[in-house]
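**Student:** Okay, handing you the structure first.
The values are calculated or read from the model by the stated rules, or taken from the named source; none is laboratory data. As the structure is a prediction and not an experimental result, all values here were calculated from the model. FYI the Cβ positions are ideal-geometry reconstructions off the backbone, even for glycines, and counts take in every protein chain you see. When the accessible area is computed, the model is the full protein with side chains, heavy atoms only, and any ligands, DNA or RNA have been set aside. Shrake-Rupley method; radii C 1.70, N 1.55, O 1.52, S 1.80 Å.
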Amino acid sequence: MKTIDQLMSKSIVSVKMDDTLSHVKTLFEKHKFHHLLVVENSKLVGVLSDRDLFKALSPNVGSGLESAKDTACLNKRVHQVMGRGLITLAPNSSLFKAIQVFNEYSVSCIPVVDTKMKPLGILSWRDVFRFIESNQLEKHKSQHH
């Protein structure tokens, strides 16, 4: 049985609680993913999704209608909008445990941390689907050879 550390993405991009939303916006645009881990003193303290960012920003940011008030929202800090309810997995968690967590909490990614809450990776439901797909393809190949 595969464990989460074999399926998770190990490339983590993290931000600090006092980083600005302007910085966060740049990271989301550059990296094309949907979640940033908020880390202080090597410990996971929160998760910030692109949805959290969009909710905090005015729809006028970056448009011709942008006002000083709209621009000011880019100066908000990560800690003002991040999610603090941490749902995490250990690296040795099973795939079944990860699926249970996805179903129970309706999250789209789960940070993977060690016993000191240091982030090791991030698991998305896409990672789980990719694994299941490749597993089925392997079974299919072995049956037809």
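**Student:** Where residues in region 115-135 are over 22 Å from Asn41 (Cα atoms) and open to solvent by 100 Å² or more (accessible area, probe 1.4 Å), which of them is nearest to the chain's Cα centre (by Cα)?
**Tutor:** Across region 115-135, the extreme among qualifying residues is Arg126.
**Student:** Filter region 74-86 down to the residues that are in contact (Cβ under 8 Å) with a residue 24 or more places away in the chain and under 16 Å from the mean Cα position of the chain (by Cα), then identify the one that is least open to solvent (accessible area, probe 1.4 Å).
**Tutor:** Filtering region 74-86 for residues in contact (Cβ under 8 Å) with a residue 24 or more places away in the chain gives 74-84, 86.
Next cut, under 16 Å from the mean Cα position of the chain (by Cα) only: 78-79, 81-84, 86.
Numbers: Val78: 0, His79: 64, Val81: 30, Met82: 17, Gly83: 31, Arg84: 140, Leu86: 61 Å².
Ranking the qualifying residues of region 74-86, first place goes to Val78.
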